[in-house]
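To keep things clear, I will list the structure first and then write my remarks on it.
The values are calculated or read from the model by the stated rules, or taken from the named source; none is laboratory data. Keep in mind it's a predicted model, so treat the numbers as computed, not measured. Please note: Cβ atoms are built from the backbone with ideal geometry, for glycine as well, and neighbour counts cover all protein chains shown. All accessible areas refer to the heavy atoms of the entire protein, side chains included, with ligands and DNA or RNA removed. Shrake-Rupley method; radii C 1.70, N 1.55, O 1.52, S 1.80 Å.
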Amino acid sequence: MIKIVSMRLFQAILVMVAVTAVAFIMFRFVGDPVAMMVREGASQAEKDALRAALGLDNPMLIQFVEFFGRVLHGDLGTSFRYQQPVAELLMNRLPATLELVLVATVMSLALGIPLGVVCALKPTGFLSRIIQSATLVGISMPTFVTGLLLILIFAVNLRWLPSSGRGELVNLGGWQTGFLTVSGLKSLILPSITLALFQLTLIMRLVRSEMIDVLSSDYIRFAFARGLPRSHIYGRLALRNALMPVVTVTGLQIGQLIAFAIVTETVFQWPGMGLLFTNAVGYPDVPVLAAYLLFVGFLFVMINMVVDILYTFIDPRLRTK
Amino acid sequence: MTTRAFLQHRLPPISVIIAGLVLATMIVLVIFAALIAPMDPRDVSSYSLIDMEIPPSFMDGGDPRFLLGTDNQGRDLVSVILFGLRISIIIGIGAVLLAAIIGVALGLIAGYFGGIIDTILMRVGDVLVSFPTILVALLISGVARAQLSGATVSEWAPVILICAIALNEWVQYARTVRASTMVENARDYVRAAKVIGLPSRRIMLRHILPNVMSSVMVIATINLAGAILTEATLSFLGAGMPATYPSLGTLIRIGNQFLFSGLWWIAVMPAAVLVVLVLAVNVIGDYLRDRFNPKLMAH
């Protein structure tokens, strides 16, 4: 048990070191930091002095270790574009992204699970066929096209909802929330639908196939034979077991969602981390790119590790492996 | 069995046939784009600002010369979309081919030799796939922009895009091919080939590869839809094809600026073509997966 957990921890640390190395290489070799920071027309001596002050003339390995140390202390460098610490920029944008992702996840679960169950109970029925075809269209619809159409219909033509920004915000101890004002909530509707649709199809298909699997198992057939009420069999006995993998996948998807929020945030000019990142790609603002890579890498590794370790606790079969 | 029953048994469902026809039409149109398109979007002399912002011909104020209307520069949307579709398809197929070649090669090596090579390759793959393709491709695009001049980036955009997408997608091929190779490796015909002393390369390419190709084809079709979508998304975000040589994603990005001026067709027309293209590929991919992968048939 301890061996498995420590193995997982070791792997996670290894991956984080690798990701940090990539970020370091970007930071150090993409564009010349000295050229970016020095004043115009500086002499070679001034450049050398700055180079030495930044520690850029040390051996690579030492530079990497120093970079790693700075990252551990939360120092992610200074943005070329905003001349602000990158860590501060990311923290300011974090609430916007997290609120969007949270609402989108709740929406996709609330819709995806019932739809998946409907498709599983009557796989050849008229309703499930329509839902199945709709998911194929949903998969083929890029996130930005969904967003664009929603803007066209609800913001341009009907003028019901705003097409960009977060609306009025309330400051709760440093956390800028849009949940407490009408305009904040209205601004949230279109982006969160766009992001939720991306995940909805996946959850729906997963619930459907898991549910079909569970329904054909012996204990469900036995429950029918005992004459238990259908609602009890479907709702309590089958759905619960079918939801296990859904919980895992949703957990793993949150990392994916934060990355996919990049597209949604750009379409709706939602001032979160994703928009910061797309703007950094075009500028190009290398410290922000490297920091975002580190952030997403850290998130993925943490979620994966927690899910893996939780699984070894929950499922005894995995421990023998 | 009557001929009719035979045909019904053999023919794929009607949706797959329609998808195939749509895809085939698109490919033919794209190959002959230069002949079919009413004008050449890259030739500035073939269009003029007088024709700008004309709605599609089936709407009020439309012009029969421009079936889908014109954009803000007076370019005929049919022509622009045809050439954009061509770029989207080329980049999609290019990325899938590159990913398949890298993935099949590394998968064969990992599965055939096993041991430390296998462990390293698969670990690297694990790390890569945990990052979404879009994120990796955006990073590569940002790095390219920081290292090269703007003109160079525009010129090499298709190559950068193909490499960026393939960098993440090869893992799927490698995993599948590795698993199949390990199975084939234990079979008598491979062991016999080893016993008579054939070189490893020949065994991998001539004996094992043909037996793992069908699953590679299925993954490739399913991935093609994803690759086209990724390219479109990157171009939409401004990290893909430049406006001087637009793909469907770039066209939607340009059209996006005119949504609020009521010129919806500039964005919606290329978006519709993109969705139809991806839908057609997805329908065919789904069918192939069910057909060639009996394990998935149960669902």
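Mind checking B:232-240 for the average number of partner chain beta-carbons within 10 Å of each residue's beta-carbon?
Values: counts 3, 8, 2, 1, 9, 10, 5, 4, 0.
Across B:232-240, the average partner-chain Cβ count within 10 Å equals 5.
Please say if region A:137-213 is rounded, prolate or oblate, where rounded means a/c under 1.5 for a ≥ b ≥ c the square roots of the C-alpha gyration tensor eigenvalues, and otherwise the choice is prolate for a/b larger than b/c and oblate otherwise?
On the way: a/c = 3.29, a/b = 1.52, b/c = 2.16.
Taking the square roots of the gyration eigenvalues as a ≥ b ≥ c, region A:137-213 is oblate.
As I understand it, the value is the acute angle between the Cα axis of helix B:115-129 and the longest principal axis of the Cα atoms of chain B; what does it come to in degrees, rounded to 10?
The angle comes out at about 20 degrees.
Could you look at chain B and say what percent of its accessible area is carbon and sulfur, using a 1.4 Å probe and all protein chains? Walk me through the numbers before you get to the answer.
Numbers: 9590 of 14340 Å².
Ligands and nucleic acids excluded, carbon and sulfur give 67 percent.
For n ≥ 4 DSSP H runs only, could you compute -39500 (n - 2.57) per run for the protein assembly as shown, divide by its residues and tell me the 222 nm figure to the nearest 500? All intermediate terms of the calculation are to be shown ahead of the outcome.
Details: 24 runs with 435 residues, N = 620.
Here the helix-only value at 222 nm equals -24000 deg cm²/dmol.
Counting only complete DSSP H runs, which helices of chain A cover 30 Å or more along their long axis at the Cα atoms and score a mean Kyte-Doolittle of -0.5 or above? Numbers along the way, then the final one.
Values: long enough: A:2-29 (40 Å, 1.89); A:86-121 (50 Å, 1.72); A:182-215 (45 Å, 1.27); A:239-267 (38 Å, 1.24); A:286-314 (42 Å, 2.21).
For chain A, where a helix must reach 30 Å along its axis and average at least -0.5, the hits are A:2-29, A:86-121, A:182-215, A:239-267, A:286-314.
Give me the inter-chain shielding for B:251-259: mean count of other chain Cβ atoms within 10 Å, whole number please. Could you put the intermediate results ahead of the total?
Working: counts 0, 4, 3, 0, 1, 7, 0, 0, 6.
Averaged over the peptide's residues, the number is 2.
B:Trp156 versus B:Leu11, label points 7 Å from Cα toward the beta carbon: distance in nm?
5.0 nm
Between beta-carbons, use under 13 Å as the cut-off and find the net charge around A:Met211, counting Lys and Arg +1, Asp and Glu -1. Don't skip to the end; give the middle numbers.
Numbers: positive: A:Lys122, A:Arg205, A:Arg208, A:Arg240; negative: A:Glu210, A:Asp213.
Neighbourhood net charge equals +2.
Check cross-link reach from A:Lys186 to the aspartates and glutamates: straight Cα distance under 20 Å, and skip same-chain residues fewer than eight apart.
A:Glu99, A:Glu168, A:Glu265
Please give the per residue volume of the convex hull enclosing the alpha carbon atoms of chain A, rounded to a whole number of Å³. Numbers along the way, then the final one.
Values: hull volume 60.1 nm³, N = 321.
Enclosed volume per residue, from the Cα hull, is 187 Å³.
Would you work out the relative contact order for region B:86-297, in percent, from Cα pairs under 8 angstrom that are 6 or more residues apart? Write down the numbers at each step before the final one.
Numbers: 256 pairs, mean separation 55.0, N = 212.
Dividing the mean separation by the residue count of region B:86-297 yields 26 percent.
What is the calculated FRET efficiency for A:Trp160 to A:Ala134, with r their C-beta to C-beta distance and R₀ = 30 Å, to the nearest 0.05? The partial results should precede the final answer.
Working: r = 23 Å, r/R0 = 0.78.
Step by step, r from the Cβ atoms, then E = 0.80.
For the protein assembly as shown, what is one quarter of the convex hull surface built on the Cα atoms, given in nm²?
Details: hull surface 152.0 nm².
Its average projected convex-hull area is 38.0 nm².
Scaled to the compact-protein estimate 2.2 N^0.38 Å, what is the alpha-carbon radius of gyration of region B:86-297, rounded to two decimal places?
Working: Rg = 20.0 Å, N = 212, 2.2 N^0.38 = 16.8 Å.
The reported ratio for this selection is 1.19.
Mind checking the full-extension length gain between B:Met217 and B:Val183? Use 0.36 nm per residue of separation minus the Cα-Cα distance, one decimal, nm. Mind dumping the intermediate values first?
On the way: separation 34, 0.36 × 34 = 12.24 nm, distance 1.85 nm.
Full extension of this stretch gives 10.4 nm more.
Once you have the Cα-Cα distance between A:Phe126 and A:Ser6, take 0.36 nm times their residue separation minus that, and quote the gain in nm to one decimal. Write down the numbers at each step before the final one.
Values: separation 120, 0.36 × 120 = 43.20 nm, distance 5.06 nm.
The span from A:Phe126 to A:Ser6 would gain 38.1 nm if fully extended.
Which trypsin sites (Lys or Arg not before Pro) from region A:172-258 combine a DSSP loop assignment with at most 12 other Cβ atoms within 10 Å?
Counting only loop positions with at most 12 other Cβ atoms within 10 Å, the trypsin sites (Lys or Arg not before Pro) in region A:172-258 are A:Arg226.
Which aspartates and glutamates have a Cα less than 15 Å from the Cα of A:Lys122, not counting those fewer than 8 places away in the same chain?
A:Glu210, A:Asp213
Tell me, what is the FRET efficiency for A:Asp218 and B:Leu128 to the nearest 0.05, using R0 = 45 angstrom and their Cβ-Cβ distance as r? Could the numbers behind the result be given before it?
On the way: r = 40 Å, r/R0 = 0.89.
With a Förster radius of 45 Å, E is 0.65.
Taking a cut-off of 19 Å between Cα atoms, list the aspartates and glutamates near A:Lys47, but don't count ones fewer than 8 places away on the same chain.
Within reach: A:Asp32, A:Asp57.
Let me check against my output: what whole-number percent is the relative contact order of region A:89-282, with C-alpha pairs under 8 Å and at least 6 apart? Could you put the intermediate results ahead of the total?
Values: 224 pairs, mean separation 63.5, N = 194.
Relative contact order here is 33 percent.
How much accessible area per residue does the protein assembly as shown have, counting only protein heavy atoms and a probe of 1.4 Å, in square angstrom?
Working: 30680 Å² over 620 residues.
Here the residues of the protein assembly as shown average 49 Å² of exposed surface.
How do the peptides B:27-36, B:98-107 rank, highest first, by the average count of neighbouring beta carbon atoms within 10 Å per residue? Could the numbers behind the result be given before it?
Values: B:27-36: 13.2, B:98-107: 22.1.
Those peptides, ordered most packed to least, come out B:98-107, B:27-36.
Once fully extended, how much extra length lies between B:Ile90 and B:Ile120, figured as 0.36 nm per residue of separation less the alpha-carbon to alpha-carbon distance?
7.6 nm
Against the longest alpha carbon principal axis of chain B, how many degrees, from 0 to 90 and to the nearest 10, is the axis of helix B:77-113 turned?
With both axes taken from Cα atoms, the answer is about 10 degrees.
Longest span of chain A, sites excluded, free of GluC sites (Glu not before Pro) in DSSP loop with at most 15 other C-beta atoms within 10 Å? The partial results should precede the final answer.
On the way: sites that count: A:Glu40, A:Glu168.
In chain A, the maximal stretch lacking such sites is A:169-321.
How would you rank B:165-178, B:187-200, B:108-121, A:294-307, highest first, on the average number of other Cβ atoms within 10 Å across their residues?
Working: B:165-178: 23.7, B:187-200: 11.7, B:108-121: 16.6, A:294-307: 18.4.
Per-residue Cβ counts within 10 Å, averaged per peptide and sorted highest first, yield B:165-178, A:294-307, B:108-121, B:187-200.
Between A:Thr78 and residues 5 or more places away or on another chain, which pairs have amide H atoms under 5 Å apart, with H built 1.01 Å from N, and which residues are they?
So A:Thr78 has HN proximity to A:Val86.
With every protein chain left in place and a probe of 1.4 Å, what is the accessible surface of A:Ser209, to the nearest 10 Å²?
20 Å²
Counting only other chains, and only Cβ atoms inside 10 Å, what mean value do you get across the residues of B:123-135? All intermediate terms of the calculation are to be shown ahead of the outcome.
On the way: counts 4, 1, 0, 3, 9, 0, 0, 12, 8, 9, 1, 6, 11.
Across B:123-135, the average partner-chain Cβ count within 10 Å equals 5.
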